[in-house]
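Undergrad: After the structure tokens below, expect a handful of questions from me.
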Amino acid sequence: MAAPKKAAASPPQDKTDGGSPPEFTREQELKALRDMLLIRRFEEKAGQLYGMGAIGGFCHLYIGQEAVVVGMQMALKQGDQVITGYRDHGHMLATGMDANGVMAELTGRHGGYSKGKGGSMHMFSKEKHFYGGHGIVGAQVSLGTGLAFANHYRGNDNVSVTYFGDGAANQGQVYESFNMAELWKLPVIYVIENNRYAMGTSVSRASAQQDFSKRGVSFNIPGKQVDGMDVRAVKAAGEEAAAWCRAGKGPFILEMQTYRYRGHSMSDPAKYRTREEVEKVRHDQDPIEQVRNRLLAAKVSEQDLKAIDAEVRDIVNAAADFAQHDPEPDAAELWTDVYR
């Protein structure tokens, strides 16, 4: 029997409105560049530490998808909550969580956000309104809907931003959450990070409806496809969805068409796609290079851009050093914060 042919995924596309996204100011472009660079350099270092054996267990990198979380955070206000799945380091950094604490958790050290006992997929920060990091596929969607219910119940103006992937979009609990959210008009933005391959299968082979923005149609939930490689398009769509939720109109779905450059996790060789496909997306649509090129066109010097990268690298290197020298949790911490 012949081996099945690889099904190539469609590259990310902008299907928002056919026009160009709103322009950023110089300050917005610089902030977006720095925030996305922090995520990328952090993830590159995490991959390096994993290869050295300093990080164990699972490790899912966010390289290539940086514009999604950075653009969404630019659209939110203080008090809005964020919850996501296991590809979560970028979300933590975007919400302002400390790089030292995130990296230390990856290496299982006491200074980590879960005191070294949670690892890559289980970090939280109440102060930054980040509610995890969840290892069970799709589980965060129900919890994010619950956060929105709490906002609705309290009568505040906050929105729950609930991230999940194209693979998790086929989970049953996602649709139960959609139904409740629309019935009760809950302020939740469901952000589907469609990186085209879920755990390793092209969406063309795994999803009967590949337009994920339409997944809420049967529940009367509006949706929009967004170029998730353009931070400006993400911010604009995030602002539109947030305004809808804050107006009491209920949930909104954003399908972010994005792309991960690495495998599903560090143990995935990604043989289900070609190297040429990955390199083409990197060359044509890289979210960081798009911002960098716009800044260069606006007469920001190459030296200034290199200085931003150097600053970010210093932060990441310091976090890696801290994470490798911070003490491991004391044995007395074994049962602390653990239900028995």
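Undergrad: Which of the residue pairs K214/K280; K77/K224; K224/K280; K214/K306; K117/K235; K31/K280 have a Cα-Cα distance greater than 31 Å in the structure shown?
TA: Among K214/K280; K77/K224; K224/K280; K214/K306; K117/K235; K31/K280, the Cα-Cα distance tops 31 Å for K214/K306; K117/K235.
Undergrad: Another question, then. Using DSSP, restrict attention to beta bridges with both residues in the chain and report what percent are antiparallel, rounded to the nearest 5.
TA: Looking only at bridges with both residues in the chain, the antiparallel portion is about 5 percent.
Undergrad: Once you list every other residue whose beta carbon is under 15 Å from the beta carbon of Q324, what net charge do they have if Lys and Arg are +1 and Asp and Glu are -1? Please list the in-between numbers first.
TA: Values: positive: K45, R109; negative: E105, D321, D326, E328.
Around Q324, the surrounding residues sum to -2.
Undergrad: With only Lys, Arg, Asp and Glu charged, each at its Cβ (+1 for the first two, -1 for the last two), find how big the charge dipole of the chain is about the Cα centre; round to the nearest 20 debye.
TA: 700
Undergrad: Let me ask you something else. Order F42, F124 by their accessible area, 1.4 angstrom probe, all chains in place, largest first.
TA: Descending order: F124, F42.
Undergrad: Quick one: grab Rg to one decimal and Dmax as a whole number for the range 287-340, Cα atoms only, in Å.
TA: 20.3, 60
Undergrad: Let me ask something else. So with the 1.4 Å probe, I'd like the accessible area per residue for the chain, rounded to whole Å².
TA: 46
Undergrad: For the range 58-65, in order, what is each residue's ³J(HN,Hα) by Karplus, 6.51 cos²θ - 1.76 cosθ + 1.60 with θ = phi - 60°, in whole Hz (x at glycine and Pro)?
TA: 8, 8, 10, 8, 9, 5, x, 9
Undergrad: Let me check the size of the range 229-285 from its C-alpha atoms; what are the radius of gyration and Dmax in Å?
TA: Final numbers for Rg and Dmax: 16.2, 45 Å.
Undergrad: For W244, what accessible surface area do you get with a 1.4 Å probe? Give it in Å², rounded to 10.
TA: Taking all protein chains as shown, W244 has close to 80 Å².
Undergrad: Something else: Let me check something: with ligands and nucleic acids excluded, how do M123, M74 order by accessible area (1.4 Å probe), largest to smallest?
TA: Highest to lowest solvent-accessible surface, that is M74, M123.
Undergrad: For the chain, what log10 I(q)/I(0) values come out of the Debye formula at q = 0.12, 0.14 1/Å, with one point per alpha carbon and no solvent?
TA: So the normalised log intensities work out to -0.84, -1.16.
Undergrad: Hey, another quick one. Skipping prolines and chain starts, which residues have an amide H placed within reach, meaning under 5 Å, of the one on Q81, given they are 5 or more residues away or on another chain?
TA: Excluding prolines and chain starts, which carry no amide H, the hits are V159, S160, V161.
Undergrad: Keeping all protein chains in place and using 1.4 angstrom, which order do E127, E44 fall into by accessible surface area, from largest down?
TA: On the way: E127 140, E44 65 Å².
Ranking E127, E44 by accessible area, largest first, yields E127, E44.
Undergrad: May I ask which residue of Q285, A298, P329 lies farthest towards the positive end of the charge dipole of the range 275-330, with charges of +1 (Lys, Arg) and -1 (Asp, Glu) on Cβ and the Cα centre as origin?
TA: It is A298.
Undergrad: Now, a different point. Hey, could you grab the Kirkwood Rh for the range 133-254? Inverse mean 1/r over distinct alpha carbon pairs, Å, one decimal.
TA: Every distinct Cα pair counted, the radius reaches 14.4 Å.
The values are calculated or read from the model by the stated rules, or taken from the named source; none is laboratory data. Source: prediction; values computed, not measured. No Cβ is skipped: glycine too gets one built from the backbone with ideal geometry, and neighbour counts run over all protein chains shown. For accessibility, only protein heavy atoms count, side chains too; no ligands or nucleic acids. Shrake-Rupley method; radii C 1.70, N 1.55, O 1.52, S 1.80 Å.
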